[in-house]
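First comes the structure, then the notes that go with it.
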Amino acid sequence: MESKLPDSELVALETIELKKKARLIQVSTEDTEVKYYLRQLGEPICLFGEDGADRRERLRMLLAVTGGPAQRPSLDRSDTKNAILTARDNSTVWYHQGPDGLADARMWIAKYSLPRAKQRLDRAREYYASMPEPQRKARYQEYLKILRTTSLVCSQVGDTRPLTCCKFSPDGQVLATSSLSGLCRLWSVPESELKLNLRGHQTGVCSVAWHPQARIQSDLRIALASSGLDGSVKLWSLDNEEPLADIEGHAPYRVSRIAFHPSGRFLGTTCFDSSWRLWDLEVCTEILHQEGHSKPVYDIAFHPDGSLALTAGLDSYGRVWDLRTGRCIMFFEGHLEELLGVDIAANGYHAASCSADNSVRIWDLRQQQTIYVIPAHTSVVSSVKFEPENHNYLVTSSFDKSVKLWGHPLWSPIRTLEGHSGRCVYADISPDRKHIASVSHDLTFKVWSSRSEDR
């Protein structure tokens, strides 16, 4: 005989499912459009004591109940034509004819990434087979307790102009910062003592990135790369203040972000000419010039295996590119404003994107869809980063001057780190998972850590 739940519990379950469904529904942030939607549904456009956020939430619940999105307000013919042209632009990908070395590079990446994918899957199977679920959950809860004790360790003035980016070295002992003064600086962690000034940029520096083997492989020549507002990209060693080499080809367009391929052989750059590039550092040659975004490309992240690249555009879309074939295999659609950051988790199938719409979206690369939307901050979310290796949490920074930690896989808030007096523009997690660093327009960078370093 089947047990029947009380009516009150059935109603509660239905409400929970409805809220889950409503969370994934995209609703405009324009209050005028929200009122139009409500009017089309035959609902009052405003209730007593209701503000814009309440209205959006009410619309989400109504759409979840009715099972479909409301129609946008009717446009005139010229607006309709422009909307169609915009949609076509967003779905068009332009492929340039690559140089002779592109085919060899794609084959090299395939041979590099396939064994790494097998190793990643073997590690995951071994982990889940060796540790029962109750033990995994208990261990995760203990880890969250440690993360909740995260507090400020050091605050340091990084430059005379606003800071733009920070990255930990692969060994976690050095922090690199960049600023609008044109300087890149290296600092010891966690003492925050200046170790080296890198001089060479004539304009502000947008981004800095470490070679995956920097400070680990002793005979490594290239340790860092940086990009500037004038389109310059420079390569650096750790024993000289002057750059080793310049990568030319972006000027006069801004290069907003750069990232090393996990192999260290390739460097990805995102450019304000609506393209991103892939450079072979062994010969300092551009092997891929890829278009596809209708507005400037702002950020790039590589898959841990080295097989994929994820780009974020100011057109509010993200794209996943297969480096072995050159194809765009996934389209991130859902953010209402510009994308400012992306990252891929160490598990290989979760990705995160942050936007000027104040939210973070979690994507499943296997299902090719959004699996969760985090209403992360009260202002622009400027960066997002998964914890290295274990991906137990992700960190976000925002123009609301805060840095926040979010648990994986429930995406619940763990800790809010406050202390900056200006916009927080970037945050990073050290590879050893002992520290978190953040940089701000208040000219400072801050290093945060939990009370226990036993991670």
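None of the figures in this text is laboratory data; all of them are computed from the coordinates on show. Quick caveat, the model's predicted, so the values are computed rather than measured. All Cβ positions, even for glycine, are placed from backbone atoms using ideal geometry, and neighbour counts span all protein chains on display.
What size of dipole, in debye to the nearest 20, comes out for the chain about its Cα centre when the only charges are +1 on Lys and Arg C-beta atoms and -1 on Asp and Glu C-beta atoms?
Around 720 debye, computed over the chain.
Hey, with R₀ at 41 Å, roughly what FRET efficiency would residue 371 and residue 240 work out to, going by the Cβ-Cβ distance, to 0.05?
According to the calculation, E is roughly 0.35.
Using alpha-carbon pairs under 8 Å, 6+ residues apart, how would you state the relative contact order of the chain in percent?
12 percent
Which GluC sites (Glu not before Pro) does segment 266-334 hold that lie in a coil by DSSP with at most 16 other beta carbons within 10 Å?
Answer by residue number: 282, 333.
Taking only complete DSSP H runs, can you tell me which helices of the chain stretch 18 Å or more along their own long axis by Cα positions and average at least -0.5 on the Kyte-Doolittle scale?
Both cut-offs are met by 7-23, 52-66.
Between residue 329 and residue 220, how high is the FRET efficiency from 1/(1 + (r/R0)^6) when r is the Cβ-Cβ distance and R₀ = 51 Å? Nearest 0.05. Walk me through the intermediate numbers first.
Values: r = 32 Å, r/R0 = 0.63.
About 0.95, to the nearest 0.05.
Using a simple spin-label model with points 7 Å from Cα along the Cα→Cβ vector, what separation in nm is obtained for residue 65 and residue 125?
Placing both labels 7 Å along Cα→Cβ, they lie 4.9 nm apart.
Regarding the chain, what whole-number volume in Å³ per residue does the convex hull of its Cα atoms give?
Dividing the Cα hull volume of the chain by its residue count gives 185 Å³.
Tell me which lysines have Cα within less than 28 Å of residue 446's Cα, excluding those fewer than 8 residues away on the same chain?
Here the lysines satisfying the reach criterion relative to residue 446 are 145, 167, 195, 234, 385, 401, 404, 434.
Rounded to the nearest Å, what's the spacing between the alpha carbon centres of segment 118-172 and segment 211-276? Just the number, please.
Cα centres, segment 118-172 to segment 211-276: 25 Å.
Got a sec? Charge dipole of the chain, +1 on Cβ for Lys and Arg, -1 for Asp and Glu; which of 164, 284, 59 is way out at the positive end?
Farthest towards the positive end: 59.
Residues with amide H under 5 Å of residue 257's amide H, sequence separation 5 or more or different chain, H placed in the peptide plane at 1.01 Å from N; which?
Here 270 satisfy the definition.
Go through segment 340-347 residue by residue and turn each phi into a ³J(HN,Hα) via Karplus (6.51, -1.76, 1.60, θ = phi - 60°); whole Hz please, and just put x for glycine and proline.
For segment 340-347, the Karplus-derived couplings read 10, x, 9, 7, 10, 6, 5, 6 Hz, x marking Gly and Pro.
Nearest 500 deg cm²/dmol is fine: what mean residue ellipticity at 222 nm does the chain get from its DSSP H runs of n ≥ 4 alone, each adding -39,500 (n - 2.57), divided by its residue count?
Here the helix-only value at 222 nm equals -7500 deg cm²/dmol.
Could you list the trypsin sites (Lys or Arg not before Pro) in segment 287-336 that lie in coil according to DSSP, counting only those with at most 15 other Cβ atoms within 10 Å of their Cβ?
327
How much length is gained on full extension from residue 197 to residue 32, taking 0.36 nm per residue of separation minus their Cα-Cα distance?
54.4 nm
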